[in-house]
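Comments concern the structure below.
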Amino acid sequence: MMIVAVYGIIRSRNLFVVVMLSGIYSFLMATVMVVLDAVDVAMTEAAVGAGMSTVLMLAVLGLVRSREAPLRHSPILPIIVCCLTGGMLIYGTVSLPPFGHIDNPQNQHVAPYYIENSVRETGSPNVVTAVLASYRGYDTLGETTVIFTGGIGVLVLLSGVMTRRRRFNNQKESDE
Amino acid sequence: MTEILANLNYWVTIVLMISGLYIVAAHGNMIKKLVGLSIFQTSVYLLFLSPGKILGGTAPIISKDFDLYSNPLPHVLILTAIVVGVATIALGMALVVRIHEAYGTIEDDEVHDMERE
């Protein structure tokens, strides 16, 4: 599954239908998340990543030119930088704990507490919901603040784009 | 061999991360840069989710039939991250529309050329 996702990403770099391929890629990533037992995250990724982002990007593509100009610089410098970064990251994974063991440090900290006590303390059988809404409720509050700010930013940036465009078109018609 | 497979999830993450980084760094088209950014974000989701998986465990929904669950904490963190990521992409797209209105192009180099003139 992961290899399919990687394949999708490599294709999206070469082909010109970048936006559609990124939607497909998000959907594959959601499938990988189901395999990794993160069903809630997979649902969000399929709805938000594959659905909403694609619609957003298509809407923007309708407003701007949808062809990419050929590269002007040679891509050698970015490739060297990326290879160096990748090499260092892979070197860093050598000492990380192996995949999928319950004894790994990250699975021994608060997670067993959540799994043992969340039904008794919050009454929700879904541990993810319990943690999201109850134990880490302030995180969720911050998240909604971020979305609110983002929405306001989009509105401020885009206010008047349509009116200006219509005025511009009217002017062109009257010039002719 | 098992040692190689034990860290395969991190390597897949790193390959995705590097692809996203390359798209952001090498391409001049702003929409393509944003797609690269979102690919980088998804690789970070994978970086958080894959260590939380426990082999033989199931999704963290408590039931009498199972007694081994995956770690729920990364799932919560990544749910937040996905939504924040969409807010970022939306803001970036709005900026792209404004740049296109002001300069008539969304290529990095052409905007630079116009600034220089």
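The values are calculated or read from the model by the stated rules, or taken from the named source; none is laboratory data. Nothing here was measured: the structure is a model prediction, and the numbers come from that model. When we count neighbours, we look across all protein chains shown, and the Cβ atoms used for this are built from the backbone with ideal geometry, even at glycine. With ligands, DNA and RNA removed, areas are computed over all heavy atoms of the protein, side chains included. Shrake-Rupley method; radii C 1.70, N 1.55, O 1.52, S 1.80 Å.
Below, the figures for the structure above:
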read-out	value
Chain B: angle of helix B:8-26 to the longest principal axis, Cα-based, in degrees nearest 10	10
A:Thr129, A:Thr140, reordered so the largest accessible area comes first (probe 1.4 Å)	A:Thr129, A:Thr140
Test item: B:97-109 mean partner chain Cβ contacts at 10 Å	4
Of B:Trp11, B:Leu37, A:Pro97, farthest towards positive along the dipole that unit charges on Lys, Arg, Asp, Glu beta carbons give the protein assembly as shown	B:Leu37
Computed FRET value (nearest 0.05) for A:Ile79 with B:Val84, which takes r as the C-beta separation and R₀ as 25 Å	0.25
Degrees, to the nearest 10: A:18-35 long Cα axis against longest axis of chain A	10
Per-residue SASA entry for A:Ile79, accessible area with 1.4 Å probe, Å² rounded to 10	70
Charge dipole (debye, nearest 20) of chain B; +1 at Cβ of Lys and Arg, -1 at Cβ of Asp and Glu	520
Å² per residue, accessible surface of region B:2-116 at 1.4 Å	39
Length added when fully stretched, A:Leu71-A:Ser95, from 0.36 nm per residue minus Cα-Cα	4.8 nm
Student exercise, region A:59-176 dipole from Lys, Arg, Asp, Glu Cβ charges, in Debye to nearest 20	660
Per-residue mean of C-beta atoms belonging to partner chains within 10 Å, peptide A:49-62	4
Average other protein chain Cβ within 10 Å of Cβ, residues A:121-127	3
Only Lys, Arg (+1) and Asp, Glu (-1) charged, at Cβ; the protein assembly as shown dipole about Cα centre in debye	480
Residue (of A:Val34, A:Cys82, A:Gln171) at the positive-pole extreme of chain A, dipole from beta-carbon charges	A:Gln171
Label-point separation in nm, B:Asp109 to A:Leu58, each point 7 Å along Cα→Cβ	3.1
Cα gyration tensor category, rounded, prolate or oblate, for the protein assembly as shown with a/c compared to 1.5	oblate
Other-chain or far-sequence residues with amide H under 5 Å of B:Thr58's (modelled H)	B:Leu68, B:Tyr69, B:Ser70
Whether region B:2-116 is rounded, prolate or oblate, judged on the alpha carbon gyration tensor where a/c under 1.5 counts as rounded	oblate
Chain A - percent relative contact order, Cα under 8 Å, separation 6 or more	11
